[in-house]
Amino acid sequence: MDTYTHAGVAYIVCRLISGKRAAALYDLSGEKEIDMEELGREGFLREFDAQHRDYVPGYANECSYRFTSSSGFSIEIFINQKTFILHIRGSSAYFIGNVRGDTVYLYDHRGSSHFRFRVLRYAGVPEKTAEEALDNS
């Protein structure tokens, strides 16, 4: 799995749990900002955003969710409040984690690795610098 796959997972669960669309992500494990423009070029994420344009989250308690793109790529997500399990259908890839504040904690079972992504800013929210966002951790 590459950085953009993990960032894409973080983006999706953040969107479903917080209801906000991340405009900038920072990979705390890799110490680099994720190029959201490049991440947004993925057809799957563009389609996900279009479908969830007016999405408003509730507090999901043991909620299952499935999203299938027009290309046939499919994910299943189990959400229990701010904790999630995400499985990429048709593969052995699955992730567990949670969203706390502006940080998405992610464990990739297939790669046996941990990741943390901080949302530096949300779409439609005034911008703050990377340093301000990281200081709030």
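Remarks
- Scanning region 31-54 turns up no residue that is among the aromatic types (Phe, Trp, Tyr), assigned to a loop (DSSP other than H, G, I, E, B) and either over 17 Å from residue 104 (Cα atoms) or modelled with pLDDT under 75 (or both).
- Any hit, region 69-81, residues being acidic (Asp, Glu) and outside any strand (DSSP E or B): no
- Some residue of region 95-103 being at pLDDT below 95, out of contact with any helix residue (DSSP H, G or I) (no Cβ under 6 Å at 6 or more places or on another chain), over 20 Å from residue 17 (Cβ atoms) and part of a loop (DSSP other than H, G, I, E, B): no
- For beta carbons closer than 6 Å, sequence separation of 6+ or different chains, a first residue in region 97-115 that is in contact (Cβ under 8 Å) with a residue 60 or more places away in the chain and a second that is of a type in the set (D, E, K, R) and assigned to a loop (DSSP other than H, G, I, E, B), the qualifying pairs are 99/82.
- Residue 12 within 13 Å of residue 102 (Cβ to Cβ) and in a helix (DSSP H, G or I): no
The values are calculated or read from the model by the stated rules, or taken from the named source; none is laboratory data. Remember, predicted model here, so these are calculated numbers, not experimental data. Every residue, glycine among them, receives a Cβ derived from its backbone with ideal geometry; neighbour counts consider all protein chains shown.
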